[in-house]
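One structure below.
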Amino acid sequence: MVTVTLRNIVKARNGFRLKIDELIVENGEFLTLLGPSGCGKTTTLRMIAGFERPDRGEILFDGRPVNDLPPYERNIGIVFQDYALFPHMTVFKNVAFGLEMKGLPKSEIERKVRWALEIVGLTGLENRYPEQLSGGQQQRVALARALVVEPEVLLLDEPLSNLDAKIRERLRGEIRRIQRELGITTIYVTHDQEEAMAISDRIAVMNVGRVEQVGKPLELYYRPETEFVARFLGLSNILELEAENGRACLNELCFDVGRSGRVRIFFRPESVYIMKGDTAEVLDYELLPGRIRLKLGIGDRVILAERFLDELPFSVEEMPERVDVRVRSFSVLGQ
Ligand SMILES: Nc1ncnc2c1ncn2[C@@H]1O[C@H](COP(=O)(O)OP(=O)(O)OP(=O)(O)O)[C@@H](O)[C@H]1O
Ligand SMILES: [Mg+2]
């Protein structure tokens, strides 16, 4: 397995410019490129795979530059969104294709294909054709085909986005299990923040051709550095306040920010605790399975709070007009 490094990468094309100063994917790590449509995720993945060349900068596998190597010499496995299976070949043949191209002996091909199909849970379906498989099964074939060559780096570009929600959840768990089992350095592309949170060791959040922040899922979720990262990963409260003597206050709700001047304070709805009292007006609320999301007015601002129902100091039927709030964790956003 290898460490993948992107250094001083620039790639420009009709008005779009991708620029990554440094991105390091550690040996055996599962790193996800997460960002909205058009931010450059696929372009980044295609450069790592060798389908596209950067205008500038280097891509290194374990410190060796691979810029000049074609995809088939990079020892990668790749899975696309649309499976890209050969329709006229059986499952077995689809998975065996790369090994046959390499000219491996028949018995070895047989052994490796069986191994790959077992890993992805398709044993028994060797003789089916792609059209006789469900979408989830087709994507498993694509995954087996990527794994069968025992790649050093596994690249996946939105592999689950054509599948329905239940299968997506199951298959992402399996991809994660297989990745752990094989310890393979993996770069995964998605625009779905929940999927990224569930599957990744670390996430690189991208926005218009740049990496905004890289970190562990919960680090990014609770301590985003920018408003973009905060909002992309989930519901956010962002309060722009004037701090004095290290404290920024919205009426009685105060934050120790350790500086003065204008600050933007960020916290998640679930960091807002609710007590009996009268700091905030209950403007509205909605019930979610087992939880409640409240819209609270403090002065001229509105914040969201989210709690499990059994955490409230009152029943929903007896919702008071005003409540006290306490924010347990927050961060101060950069520019
Ligand atoms: N073959 C191409 N020729 C010209 N421009 C392209 C090409 N492929 C992508 N682009 C442009 O490059 C930019 C980045 O595209 P890219 O496919 O990397 O985005 P993405 O993050 O993968 O988006 P999505 O989530 O929609 O797949 C976009 O502005 C896109 O329009
Ligand atoms: Mg893409």
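In a residue-by-residue description of region 33-44, the property of being more than 12 Å from ligand 2 (Cβ to nearest atom), part of a helix (DSSP H, G or I) and within 20 Å of the chain's Cα centre (by Cα) applies to no position. Only one of the listed residues (V263, V282) is within 12 Å of L239 (Cβ to Cβ), assigned to a strand (DSSP E or B) and not small (G, A, S). That residue is V263.
Quick one: in region 196-236, of everything that is among the hydrophobic types (A, V, I, L, M, F, W, C) and part of a loop (DSSP other than H, G, I, E, B), which residue is nearest to L6 (Cα to Cα)? It would help to see each step written out before you state the result.
Step one: of region 196-236, the residues among the hydrophobic types (A, V, I, L, M, F, W, C) are 196-199, 203-206, 208, 211, 214, 218, 220, 228-230, 232-233, 235.
Next cut, part of a loop (DSSP other than H, G, I, E, B) only: 208, 235.
Values: V208: 17, L235: 31 Å.
If we take residues in region 196-236 being among the hydrophobic types (A, V, I, L, M, F, W, C) and part of a loop (DSSP other than H, G, I, E, B), then V208 is nearest to L6 (Cα to Cα).
Going by the structure shown, is L125 within 16 Å of ligand 1 (Cβ to nearest atom) and in contact with a helix residue (DSSP H, G or I) (Cβ under 6 Å, 6 or more places away or on another chain)? Before the answer, list the steps.
Numbers: within 16 Å of ligand 1 (Cβ to nearest atom): no; in contact with a helix residue (DSSP H, G or I) (Cβ under 6 Å, 6 or more places away or on another chain): yes.
Taking the combined requirement at face value, the residue does not satisfy it.
Output the residues belonging to region 87-127 that are among the small types (G, A, S), in a helix (DSSP H, G or I) and in contact (Cβ under 8 Å) with a residue 12 or more places away in the chain. Full working, then the answer.
Going residue by residue through region 87-127, those that are among the small types (G, A, S) are 96, 98, 103, 107, 116, 121, 124.
Going one step further and asking which of them are in a helix (DSSP H, G or I), we end up with 96, 98, 107, 116.
Listed by number, the residues that qualify are A96, G98, A116.
The residues of region 1-45 that are among the hydroxyl-bearing types (S, T, Y), touching a strand residue (DSSP E or B) at 6+ places or on another chain (Cβ under 8 Å) and within 14 Å of ligand 1 (Cβ to nearest atom), listed by number, are T32, T42, T43, T44. All of (1) surrounded by fewer than 18 Cβ atoms within 10 Å (Cβ to Cβ); (2) without any contact (Cβ under 8 Å) to a residue 24 or more places away in the chain hold for F228 with one exception: (1). Please go through region 178-202 and give me each residue that is under 17 Å from L23 (Cα atoms), touching a helix residue (DSSP H, G or I) at 6+ places or on another chain (Cβ under 7 Å) and either at pLDDT below 95 or away from ligand 2 (no atom under 16 Å from the Cβ) (or both), ordered by number. Residues satisfying the conditions are T186, S200.
The values are calculated or read from the model by the stated rules, or taken from the named source; none is laboratory data. Since we're looking at a predicted model, the values are computed, not measured. Backbone-built Cβ (ideal geometry, glycine too); neighbour counts: all protein chains shown.
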